[in-house]
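Values quoted throughout were computed directly from the atomic coordinates according to the rules given, and no laboratory measurement underlies them. Just so we're clear, the structure is a prediction, and the values are computed from it rather than from any experiment. Counting neighbours? That spans all protein chains shown, and the Cβs are built from the backbone with ideal geometry, glycine included.
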Amino acid sequence: MIPLFDAHFDLLSEISFKRNQGKTHVFKEDFYPILRDGGVKILIASIYLGDHQLKHPFYYAMEQIGCLHEELRESPELIMLIRTKEDLVQCKASDKIGILLSFEGAEPLLKPRDLYVFHELGVRLLGLSWSRRNIYADGCDYSGDAKKGGLSSAGHELMAYAKKLGIIADVSHLSDEGLEDIMALDVPFIASHSNAHSLTPTPRSLKDKYLDVLKEKDFALGVNGAHFIITRDGKTSSAEDFKAHVAYLTEKLGEDKVGIGLDLCNCLSVFGRSDHSEPEVISHHGESQELLKALEDELGPEITKKIAFDNWYNFFYRHLS
Ligand SMILES: [Zn+2]
């Protein structure tokens, strides 16, 4: 079994959705068996809010974190929150699956100092924007025709406060201008689930001119497995497309900076996906090992192990306090 560190999964949306329907032990019953079969060891779970939740973003973020903490209390033998370097090391040595908490859009923060309480609750990663515009930054904008900027002055203030707390920025979903602003700061950062623009030119993908700079930065990236972000002909997608992105990004960034951030959504009921959804590289985490074996055939066992787990683990070992 090749251990997997998946740097992007919308676990919290699904857990709070199901707990609101009265279900308990969601992680234990609906996720753990599949994650275990797929060799998943650590997940970055995002706090993502849909447009309909933006009227009360602080509340919905708290609700998602609260639901996760209930699950942690219900299944302490299966799941643990990773807040520190010590937690990271302990998780690796244990049979538990570790969760790192992340913001996917900073709307829940009415002011930068609100980050303090989220840090206390375990949040260690901060995506300033999920594709949309907010008071901190512009997102990548899926429509492609919005006039965009980078970080606002509140965004810079938030980044300074995040640095003080040891919270790491995530540039997936940020505008190019925002990426340039983050690259100019003296901070480590990640792109948890982003691919190569030259293979799949979407507003979510990273252009070569940025990859060349990111190669020299304290940075790590997770290759995304969603259809629209791996397809190379605009219609089909397969493991071959995913492997092409992994190979390309590894060539551009080097073999120590590339990991995996699958972004699997079709397996989640909260987003109302159906069988008619565009296929993702795998349909759920239980199929991870087949994907990793396919990578191994192409890249060999040593590099595959780094991409599947070690590169993310080493990045967080360096940066968690
Ligand atoms: Zn995302």
* Would you mind putting 78-87, 306-315, 133-142 in packing order, based on average other-beta-carbon counts within 10 Å, highest first? => 306-315, 133-142, 78-87
* Once you've got the Cα coordinates, tell me which of LYS163/LYS293; LYS96/LYS243; LYS217/LYS305 are over 32 Å apart. => LYS163/LYS293
* To do: Quick one: which residues, 5+ away or cross-chain, put their amide H under 5 Å from the amide H of ALA191? H built at 1.01 Å from N.
  => VAL171, ALA220, LEU221, GLY222
* Asked: Rounded to a whole number of µm²/s, how large is the Stokes-Einstein D of region 162-304 at 25 °C and 0.890 mPa s, given Rh as the Kirkwood radius over C-alpha pairs?
  -> 155 µm²/s
* Please order THR202, THR236 by the number of other Cβ within 10 Å, starting at the fewest. => THR236, THR202
* Structure fact -> Candidate cut points under chymotrypsin sites (Phe, Trp or Tyr not before Pro) in region 1-93, DSSP loop plus at most 14 other Cβ atoms within 10 Å of their own Cβ, are none
* Structure fact -> Given backbone amide H placed at 1.01 Å from N, residues whose amide H is under 5 Å from that of ILE97, ignoring those fewer than 5 places away on the same chain, are ILE79, MET80
* Using θ = phi - 60° and the Karplus curve 6.51 cos²θ - 1.76 cosθ + 1.60, what whole-Hz ³J(HN,Hα) does each residue of region 103-108 get, with Gly and Pro shown as x? -> 8, 10, x, 8, 3, x
* Selected from SER75, SER237, SER46 as most flexible by GNM, with the chain as the system and alpha-carbon contacts under 10 Å -> SER75
* Please report, for the Cα atoms of region 165-216, the Rg to one decimal and the Dmax as a whole number; what are they, in angstrom? -> 10.8, 36
* Asked: Over all Cα pairs of region 41-170, how is the pair count split among 5 Å bins, expressed in % and running from 0 up to the last occupied bin?
  -> 2, 10, 20, 22, 18, 13, 9, 5, 2, 0
* Structure fact -> Applied in sequence order to region 226-232, the curve 6.51 cos²θ - 1.76 cosθ + 1.60 (Karplus, θ = phi - 60°) yields integer Hz couplings, x standing for Gly and Pro, of 6, 3, 5, 9, 10, 4, 9
* To do: Of the DSSP beta bridges with both residues in the chain, give the percent that are antiparallel, rounding to the nearest 5.
  => 5 percent
* Structure fact -> Over region 4-319, the quotient of the Cα radius of gyration and 2.2 N^0.38 Å is 0.92
* To do: List SER13, SER153 from most exposed to least, where exposure is judged by having the fewest other Cβ atoms within 10 Å.
  => SER153, SER13
* Asked: Taking only DSSP H segments of four or more residues, each worth -39500 (n - 2.57), what value at 222 nm results for the chain once the sum is divided by all its residues, to the nearest 500 deg cm²/dmol?
  -> -11000 deg cm²/dmol
* Asked: For region 197-274, which trypsin sites (Lys or Arg not before Pro) are both in a DSSP coil and crowded by at most 13 other Cβ atoms within 10 Å?
  -> LYS207, LYS215, LYS235
* Using a Gaussian network model of the chain with C-alpha springs under 10 Å, which one of GLY122, GLY166, GLY254 is most mobile by mean-square fluctuation? -> GLY254
* Structure fact -> Charge dipole of region 4-319 built from unit charges on the beta carbon (Lys, Arg +1; Asp, Glu -1), centred at mean Cα; most positive-end Cα among ILE230, GLY261, TYR161 is TYR161
* To do: Considering only SER288, SER143, SER152, give the residue with the highest GNM mean-square fluctuation for the chain, with springs between Cα atoms whenever their separation is below 10 Å.
  => SER143
* Between region 159-216 and region 58-88, the Cα center-to-center distance that results, in Å -> 26 Å
